[in-house]
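Heads up, the thing below is written out as structure tokens.
The values are calculated or read from the model by the stated rules, or taken from the named source; none is laboratory data. Note that this is a predicted model, so its numbers are computed, not measured. Neighbour counts are summed over all protein chains in view; Cβ atoms, including those assigned to glycine, are modelled from backbone coordinates with ideal geometry. What goes into the accessible areas is simple: the full protein's heavy atoms, side chains included, and nothing from ligands, DNA or RNA. Shrake-Rupley method; radii C 1.70, N 1.55, O 1.52, S 1.80 Å.
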Amino acid sequence: MKTVHHWIGGKTVEGASGNWGPVTDPATGAVTTQVALASAEEVDAAVADAKAAYATWGTSSLSQRTGILFRYRALLDAHRDDLAALITAEHGKVHSDALGEVARGLEIVELACGITTQLKGELSTQVSSRVDVSSIRQSLGVVAGITPFNFPAMVPMWMFPLAVACGNTFVLKPSEKDPSAANLLAELASEAGLPDGVLNVVHGDRVAVEALLAHPDIAAVSFVGSTPIARHIHTTASANHKRVQALGGAKNHMLVLPDADLDAAADAAVSAAYGSAGERCMAISAVVAVGAIGDELVDKIRERAEKIVIGPGNDPASEMGPLITKAHRDKVASYVTGAAAQGAEVVLDGTGHTVEGFEDGHWIGLSLLDKVSADSDAYRDEIFGPVLVVLRTETYEEGIALINASPFGNGTAIFTRDGGAARRFQLEVEAGMVGVNVPIPVPVGYHSFGGWKDSLFGDHHIYGNDGVHFYTRGKVVTTRWPDPSEAPAGVDLGFPRNH
């Protein structure tokens, strides 16, 4: 059986706690790997190495940092398939989806390669007689990232490349459900020339997380995961005087107006709801059909959903893979089996789906629930699986009110041909990321990612300008120098004294 250890101080460090977690191949249900679960003492060791490395990395030149990052980007590009294969083996998503995850992570590495322009300060001269004021940004020290199972390569790359480019050192605690991609990311960074201790990977469960949140040498914590845990991360780390960005869950809506291209809307709904088996915080999980288009839209979604091929992620024919664990599969299924009792019309029920030859895998088919009520469990909760709910409203106003009443505010989309309606929607909707005829409005790397309300705890979104600001702190310097002609007697700097 494969064993995954920690990566500390530029090398593999064997787990010493005696605690191990199982890593399962979701397509077969078989345990293929064991991962070390760190003790608080092992977390301390990783932080100590990061702190020691910061003494030199924090004062390193921008050219040194960007040179390493450019080499790192090239290595990541050369190992795309290797990273994707690890993601498929441990998470279950199909290979093409895993490759897309790596590509989105690379966007942030590329952003970090240009950190020289992001860290430029400001200067105002002669604000008063012989007084200048400048603003600069400086690194924080040791920072930590706690990342989820659904994007085991992309989300870490949303964090540490910018953090180290800004001069910080980093301790990553990835999900223990699919840990191998994080180690490969760290190994490639070392190969690119990143000094020992600048990037460390500590595997673990809640013990490791709590140790990071309480550690006095951790200056900031980045987190992506569910809303309850994001709230806990924010509360606990803030109480320990740390800067925090904690991205939580979502219930992303797609508002479809009567004038929309329904074929385009149906295509978008299927890809956004069922891609990556619905295990993503930017999935469209609720379609709001306005007016009389509901029946036709649901029929078009159903027709497309029925054609999706479900199978192992390493099978090129597969378009959707299994869920990460059996327990999660069962939880997702419970929302479908209980939907009819809460008034929904079950158009597609994927709970009985199996794949021949892989009967022990964590399989579930695509489910589509129509005429769902706003007080049902399937609507209120983040299901995080391939379940799409459809709600009906008579007007745009009812639709926007429904969306804004949700406690989540991560992402949303509108499908319409009317520019005025789209403009009104993007201004009125209470969400951090908005798509207009775009179902998954994940920003490109040089814009920041983040939601509103219970989808984000903290003041900074992730990556983009917000990411740079999160991993640095501002300092303003006010300077006054006397004129050289006013130098004390006996000091001759060669300046004329006749003016």
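Hey, any hits in the stretch 53-73 for a residue that's open to solvent by 50 Å² or more (accessible area, probe 1.4 Å) and under 15 Å from Ala153 (Cβ atoms)? Spell out the reasoning first.
Initially, the stretch 53-73 is screened for residues open to solvent by 50 Å² or more (accessible area, probe 1.4 Å), giving 54-56, 59, 61-64, 70-71, 73.
Applying the additional criterion that residues be under 15 Å from Ala153 (Cβ atoms) yields 73.
Within the stretch 53-73, one or more residues are open to solvent by 50 Å² or more (accessible area, probe 1.4 Å) and under 15 Å from Ala153 (Cβ atoms).
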Item checked: Subset tally (residues that are out of contact with any Leu (no Cβ under 8 Å at 6 or more places or on another chain) and more than 17 Å from Met159 (Cα to Cα)) for the stretch 191-215 -> 8
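Per-residue answers, yes or no, for (1) open to solvent by 40 Å² or more (accessible area, probe 1.4 Å); (2) at pLDDT 95 or above; (3) more than 24 Å from Gly92 (Cα to Cα):
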site	(1), (2), (3)
Asn150	no, yes, no
Ala163	no, yes, yes
Glu176	yes, yes, no
Ala186	no, yes, no
Leu212	no, yes, yes
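Within the stretch 405-435, which residues are closer than 18 Å to Phe457 by Cα, of a type in the set (A, V, I, L, M) and surrounded by fewer than 22 Cβ atoms within 10 Å (Cβ to Cβ)?
First pass over the stretch 405-435, keeping only residues closer than 18 Å to Phe457 by Cα: 406-411, 430-433.
Keeping just the survivors that are of a type in the set (A, V, I, L, M) gives 431, 433.
Residues satisfying the conditions do not exist here.
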Note to self: Between a residue in the stretch 92-120 that is of a type in the set (Val, Ile, Thr) and any residue that is surrounded by fewer than 19 Cβ atoms within 10 Å (Cβ to Cβ), which pairs come within a Cβ distance under 6 Å, given they are 6 or more apart or on different chains?
What the structure shows: Val102/Arg80; Val109/Arg73; Thr116/Leu62
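Quick check on Val131: is it closer than 28 Å to Leu83 by Cα and not hydroxyl-bearing (Ser, Thr, Tyr)?
Numbers: closer than 28 Å to Leu83 by Cα: no; not hydroxyl-bearing (Ser, Thr, Tyr): yes.
Considered against the rule, which asks whether it is closer than 28 Å to Leu83 by Cα and not hydroxyl-bearing (Ser, Thr, Tyr), Val131 comes out as no.
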Notebook entry, point to check: With (1) farther than 29 Å from Pro22 by Cα; (2) of a type outside the set (Asp, Glu); (3) open to solvent by less than 10 Å² (accessible area, probe 1.4 Å); (4) out of contact with any Phe, Trp or Tyr (no Cβ under 9 Å at 6 or more places or on another chain) as the list, and Gly92 as the residue in question, which single condition is left unmet?
Noted result: (1)
Notebook entry, point to check: Any idea which residue in the stretch 35-50 is least open to solvent (accessible area, probe 1.4 Å), counting only those that are of a type outside the set (Gly, Ala, Ser), within 25 Å of the chain's Cα centre (by Cα) and over 14 Å from Ala214 (Cα atoms)?
Noted result: Val35
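Kindly provide the set of residues from the stretch 436-462 that are among the β-branched types (Val, Ile, Thr) and either modelled with pLDDT under 95 or open to solvent by less than 40 Å² (accessible area, probe 1.4 Å) (or both), ordered by number.
Step one: list which residues in the stretch 436-462 are among the β-branched types (Val, Ile, Thr), which gives 436, 438, 440, 442, 444, 462.
Ile440, Val442, Val444, Ile462, listed by residue number.
Does Ser318 meet the test of being touching a residue at least 40 places away in the same chain (Cβ under 8 Å), surrounded by 22 or more Cβ atoms within 10 Å (Cβ to Cβ) and closer than 24 Å to Thr354 by Cβ? If you could, list the steps in order and put the result at the bottom.
Working: touching a residue at least 40 places away in the same chain (Cβ under 8 Å): yes; surrounded by 22 or more Cβ atoms within 10 Å (Cβ to Cβ): yes; closer than 24 Å to Thr354 by Cβ: yes.
Spelling it out, Ser318 is indeed touching a residue at least 40 places away in the same chain (Cβ under 8 Å), surrounded by 22 or more Cβ atoms within 10 Å (Cβ to Cβ) and closer than 24 Å to Thr354 by Cβ.
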Note to self: Scan the stretch 211-226 and tell me whether some residue there is in contact (Cβ under 8 Å) with a residue 60 or more places away in the chain, part of a helix (DSSP H, G or I) and not hydrophobic (A, V, I, L, M, F, W, C).
What the structure shows: no
Check: Which residue out of Arg304, Arg280 is under 21 Å from Met433 (Cβ atoms), within 30 Å of the chain's Cα centre (by Cα) and among the basic types (Lys, Arg)?
Finding: Arg280
